[in-house]
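Have a look at the structure below, then the notes.
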Amino acid sequence: MITDLKVDASGFIEAGKIFERAGKNAPKAIARALNHTGDKADTQVVRVLTAQTGLKRKVIRRAVKATRAGFGSLSFVLRARGGDVRVQFFGPREGGGGVNAKPWNAVRHYPGAFMKAGWGKRVPFSKAGMAGHVWRRVGKKRFPIEQVKSGLKIPEEMVTGASAAIFQATVAADLPARLDHELSVIFSGTAK
């Protein structure tokens, strides 16, 4: 699953006489303003998603990538990729006939799930592919087993709730002033 949050400035070029005055440097000013504002929005979205989902920042950072504006495209895009996040990323603990974890920053119980092997004195799995994961039996027999999923999807979370709101608010608050700044740099003749 892939979803996007996007700031598109392609309509700014036809915005008026100020861009005519900037001439061929107008796209450069727009791209710089979009990238500066987009980077701020990216930071805010990752911060809010961390609190909203209960995932660690580095997990969110791996899922959310930015595509910056340039001369070919005057848009800044935040793209989130990923599917149903496994319970292992939410601080799982075994107990009470299952596993407790904190997706969406709220404790949730997964009955019948397990993280350790054995009877009586249980020990963590030692095989490389099994350690740290949360498992559940598929049938009544001992095997097969499957990893337990949380139901949380980062792309869906990014475009809903507080994360989408903070993206739009950051863009609305910062982009006009930043565009004005970039254009004034071009008009003063100090632009590179």
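All of the numbers you see were taken from the coordinates with simple rules; none came from a lab. Since the structure is predicted, the reported quantities are computational estimates derived from the model, not experimental observations. Note that we place each Cβ from the backbone using ideal geometry, even for glycine, and neighbour counts take in every protein chain shown.
Quick notes
- Between Val185 and Asp4, the modelled label-to-label distance comes to 2.5 nm, taking each label 7 Å out from Cα in the direction of the beta carbon.
- In terms of its Cα atoms, the chain spans 78, 26, 25 Å along the principal axes, sorted from long to short.
- Spread of Cα-to-Cα distances over 10 Å intervals beginning at zero, given as percent, for region 33-134: 14, 33, 25, 16, 9, 3, 0
- Bridging of Lys28 to lysines at a Cα separation below 20 Å is possible for Lys6, Lys17, Lys40, Lys192, once same-chain residues fewer than 8 apart are set aside.
- Among the lysines of region 86-151, pairs at least eight places apart or on separate chains and with Cα atoms under 20 Å apart come to 7.
- Cα-based helix-to-principal-axis angle, 26-53 vs the chain, degrees rounded to 10: 20 degrees
- Once the Cα-Cα distance is subtracted from the 0.36 nm per residue extended length, the Arg142 to Arg68 segment shows a gain of 21.7 nm.
- Max mean-square fluctuation residue, GNM over the chain, Cα-Cα springs under 10 Å, options Gly139, Gly98, Gly23: Gly139
- Exposure proxy shown here: for Met158, Met115, Met130, the number of other Cβ atoms within 10 Å sets the order, fewest to most, as Met130, Met115, Met158.
- Electrostatic bookkeeping for Ser163 treats Lys and Arg as +1 and Asp and Glu as -1; over the other residues with beta carbon under 12 Å from its beta carbon, the sum is -2.
- Segment Asp84-Thr160, extension gain: residue separation times 0.36 nm, minus the distance between their alpha carbons: 25.8 nm
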